[in-house]
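The values are calculated or read from the model by the stated rules, or taken from the named source; none is laboratory data. Predicted model only: the values in this text are computed from it and were never measured. Cβ coordinates were reconstructed from backbone atoms using ideal geometry, including for glycine residues, and neighbour counts include every protein chain displayed.
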Amino acid sequence: MSLAKDVLVKISEYTSCDAVGLANLIARGEVTAAEVADAAARAVEAVNPRINAVVETWPPEDSPAPGSAPLAGVPFLVKDLGVTMAGKRSELGSRLAAGAVSPEDSFLMRRFRQAGLATIGRTATPEMAYSTTTEPEFYGATRNPWSPGRSAGGSSGGSGAAVAAGIVPLAHATDAAGSIRVPASYNGLFGLKPTRGRISQGPGADEVFNGLAVQGSLSRTVRDSAVLLDLIEGPEPGDPYFAARPARPYAEEARLDPGRLRIAVLRQPWGGRQPTEPVSAAVSETIRLLDSLGHEAEEATLALGVSWEGFVLGNARMWTANLAPWIDGIAAAAGRPVDETTLEPVTLASYRYGHQVTAGEFVRALAIRNQVSRTLAQHFARYDVLLSPTLPEPPVLLGAYGEGADQLDGLGWLDRILDRSPYTAAANVSGVPSMSVPLAEAEGLPIGMQFTAAFGREDLLFRLAGQLERAAPWTHRKPAIWAAD
């Protein structure tokens, strides 16, 4: 389609395109980058007061000439954490970092610029990205466009809500325990967590949370995520490790047939809460879809390698032992105390827990990481892909995470997070790629299905995602709060 050539681009026309589509229109001269940026600004005005996804906007910098970069002129949002943009605030969802301005672009920000993206603002995150719901005291809660009384997920909840509501076609996200896939599931989006080392964390860090955290994006179409990953993957000087470069572009993989895949179905989580009836029904529906596409999907019991309690404890020790010095550094730079005036109760409790983790406990936590990684790797000798729900329940009500949270210590808080998202964190611990695909809905709420592949096999996931998108398209489904309404 082509956009109407009026003085202003209609928001309905703007939201009908994905990022690749917008870039193509700009390249052909059917619309200018300035007109598209204006449409994005009007989309922010139309929906952000109702969902609180975008915490700051700014005029886009001069974008490359039309067609000179793959995504030249496409409006984009970065999460308020995980990427730095020279001269722009990076506050991490926290009063502790209020007003902090980044002195330089991170490596990833440079690649966003090289891709041609027109960054127009930053999106909400829970404090220090330390939750899978986005309800920080600093910004206030981000609301789900499908049902504004419910969570948009986290920690990339602001990005998820913004993309779902039509503000931008894709946005930056990060994932340390499901923070791309959780908001993808809650907001009816596609979200792929790349392999550990696929995207550089530099120059400010070599790895984040001992390799648990990775960079990525959220989008409404598979091709947008594939094209963007093609543009941002690959090592930078000084990176401690990196995944082997793909044999062909992911955008090409998304158009290829995956062949007949052996798929293990993990319906029951390793720990945490059991799937609700709508989610279990969605799993069964997905199995039927996979069967119709010629795949061999079977329900399986898959070992995690450690007990669930040991898994939670190991994660809590790694997370909090990393969190504590990070917070100390922020406090020193800001000249602020680390106490109830600067941190939320659960963050402060986790900070204190982290300072109590001993060196021996931390090393044993790394051993748990290794055991889980080795165990999951063995499953891929038998299966090509692991399927589970992304989450055990549809989007939860705002406030569900916070009930009695002020009484929890650092272990208790992480136990609560993983109880809500028991399927996602194993991929972070093992470093393998994993994606949430919006294949189902129940009572007007989206339900994502999670597909996980072996280390470095994003190519396989993109092939499967493209096939699923063609067989069971989802972009026609729109949330209750939509910029074009």
**OP:** Would you mind finding the one in V31, V54 that is closer than 29 Å to I327 by Cβ, of a type in the set (V, I, T), crowded, with 21+ Cβ neighbours inside 10 Å and modelled with pLDDT of 95 or more?
**Re:** V54
Original post:
What are the residue pairs meeting all of these: first residue in the stretch 354-370, first residue within 19 Å of I327 (Cβ to Cβ), second residue hydroxyl-bearing (S, T, Y), Cβ atoms under 9 Å, and 6 or more apart or on different chains?
Top reply: G354/T320; H355/T320; Q356/T320; V357/T320
Original post:
Does at least one position in the stretch 115-128 carry a residue that is under 17 Å from the mean Cα position of the chain (by Cα), more than 25 Å from L229 (Cβ to Cβ) and in contact (Cβ under 8 Å) with a residue 24 or more places away in the chain?
Top reply: yes
Original post:
Would the stretch 107-114 turn up any residue that is under 24 Å from T390 (Cα atoms) and within 17 Å of the chain's Cα centre (by Cα)?
Top reply: no
**OP:** Any chance you could count how many residues in the stretch 214-242 are of a type in the set (A, V, I, L, M, F, W, C), within 25 Å of P75 (Cα to Cα) and out of contact with any Phe, Trp or Tyr (no Cβ under 9 Å at 6 or more places or on another chain)?
**Re:** 1
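Suppose we filter the stretch 89-99 for residues that are assigned to a loop (DSSP other than H, G, I, E, B) and buried (at least 18 other Cβ atoms within 10 Å of the Cβ); how many remain?
5
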Original post:
Can you name the condition, by its number, that P337 falls short on among (1) more than 29 Å from S185 (Cβ to Cβ); (2) surrounded by 20 or more Cβ atoms within 10 Å (Cβ to Cβ)?
Top reply: (2)
Subject >> Unique residue being under 18 Å from G211 (Cβ atoms) and either of a type in the set (S, T, Y) or surrounded by 24 or more Cβ atoms within 10 Å (Cβ to Cβ) (or both) when the list is A427, A483, A465 >> reply: A427
Original post:
Can A316 be described as within 21 Å of R273 (Cα to Cα), touching a helix residue (DSSP H, G or I) at 6+ places or on another chain (Cβ under 7 Å) and surrounded by fewer than 16 Cβ atoms within 10 Å (Cβ to Cβ)?
Top reply: no
Original post:
When the stretch 305-340 is examined, which residues are found to be without any contact (Cβ under 8 Å) to a residue 60 or more places away in the chain and of a type in the set (D, E, K, R)?
Top reply: E309, R317, D328, D339, E340
**OP:** Scan the stretch 235-255 for residues that are surrounded by fewer than 16 Cβ atoms within 10 Å (Cβ to Cβ) and small (G, A, S) and report the count.
**Re:** 3
Original post:
Taking the condition over 28 Å from P136 (Cβ atoms) and assigned to a helix (DSSP H, G or I), does R470 pass?
Top reply: yes
**OP:** Identify, by number, the condition in (1) without any contact (Cβ under 8 Å) to a residue 60 or more places away in the chain; (2) assigned to a loop (DSSP other than H, G, I, E, B) that T132 doesn't meet.
**Re:** (1)
Original post:
For the stretch 142-206, which strands (runs of 3 or more DSSP E) that fit wholly inside it have 2 or more residues that are buried (at least 24 other Cβ atoms within 10 Å of the Cβ) and either of a type outside the set (A, V, I, L, M, F, W, C) or in contact with a His (Cβ under 9 Å, 6 or more places away or on another chain) (or both)?
Top reply: 170-175, 190-193
Subject >> Which listed residue is part of a loop (DSSP other than H, G, I, E, B) and closer than 16 Å to L261 by Cα, from A465, A454 >> reply: A454
**OP:** Go through (1) within 30 Å of A465 (Cα to Cα); (2) outside any strand (DSSP E or B) one by one and return the number of the condition S388 breaks.
**Re:** (2)
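Any residue at all in the stretch 69-84 that's without any contact (Cβ under 8 Å) to a residue 40 or more places away in the chain and not in a strand (DSSP E or B)?
There is no residue in the stretch 69-84 that is without any contact (Cβ under 8 Å) to a residue 40 or more places away in the chain and not in a strand (DSSP E or B).
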Original post:
So, in the stretch 271-301, of the ones that are more than 25 Å from the chain's Cα centre (by Cα) and part of a loop (DSSP other than H, G, I, E, B), which residue ends up surrounded by the fewest Cβ atoms within 10 Å (Cβ to Cβ)?
Top reply: T301
Subject >> Only one of A46, A100, A41, A34 that is hydrophobic (A, V, I, L, M, F, W, C), more than 22 Å from S217 (Cα to Cα) and out of contact with any helix residue (DSSP H, G or I) (no Cβ under 9 Å at 6 or more places or on another chain) >> reply: A34
Subject >> Out of A440, A483, sole residue that is aliphatic (A, V, I, L, M), over 18 Å from K193 (Cα atoms) and assigned to a loop (DSSP other than H, G, I, E, B) >> reply: A483
Subject >> Residue identified as surrounded by fewer than 17 Cβ atoms within 10 Å (Cβ to Cβ) and outside any helix (DSSP H, G or I) among A400, A377, A367 >> reply: A400
Original post:
Does the stretch 128-139 include one or more residues that are within 16 Å of I447 (Cα to Cα), surrounded by fewer than 24 Cβ atoms within 10 Å (Cβ to Cβ) and among the hydroxyl-bearing types (S, T, Y)?
Top reply: no
